[in-house]
1. Considering only residues that are surrounded by 12 or more Cβ atoms within 10 Å (Cβ to Cβ), assigned to a strand (DSSP E or B) and at pLDDT 80 or above, which ones fall in the stretch 26-73?
2. Might you check whether a residue that is modelled with pLDDT under 85, among the acidic types (Asp, Glu) and either open to solvent by 90 Å² or more (accessible area, probe 1.4 Å) or assigned to a loop (DSSP other than H, G, I, E, B) (or both) occurs anywhere in the stretch 79-89?
3. If I filter the stretch 8-25 for residues that are at pLDDT 75 or above, aromatic (Phe, Trp, Tyr), outside any strand (DSSP E or B) and open to solvent by 70 Å² or more (accessible area, probe 1.4 Å), do I get at least one hit?
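The values are calculated or read from the model by the stated rules, or taken from the named source; none is laboratory data. It should be emphasised that the depicted structure is a prediction, and the values quoted were computed from it without experimental measurement. Don't worry about glycine lacking a Cβ; one is built from the backbone with ideal geometry, like all the others, and counts go over all protein chains shown. Quick note on the areas: whole protein, heavy atoms, side chains included, nothing else; ligands and nucleic acids left out. Shrake-Rupley method; radii C 1.70, N 1.55, O 1.52, S 1.80 Å.
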Amino acid sequence: MIALTRSDNLTAEAGHHFPTIFVKTIPVTLPAGFKLIDALPADGQAFIRNEEGMVGRGTLLKLTAAGPGRMESLAQQWRKLCSTAVIDDPTSGTAH
């Protein structure tokens, strides 16, 4: 499980200040036959690949962009946000 924490919901746009987010991976042991998709809450979102993934709930931050360059703008915003994230992932053997 990954926990993202921030004291409030924010919207970030290209050129604006980005908050520092704190990401923590928490290893969990699940029963045999457990399917991550079955644990998805009604207001949740999931990324699942090869029966592994992440489940999210709520909104921490909204990245916004418009117009023809919106995908590149969103990619730049995502990279900037990730570059300042504080990550605690005991499953990878590293902490940032």
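1. Leu61, Leu63, Thr64
2. Checked against the condition, which is being modelled with pLDDT under 85, among the acidic types (Asp, Glu) and either open to solvent by 90 Å² or more (accessible area, probe 1.4 Å) or assigned to a loop (DSSP other than H, G, I, E, B) (or both), the stretch 79-89 yields no hits at all.
3. The answer is no; no qualifying residue exists.
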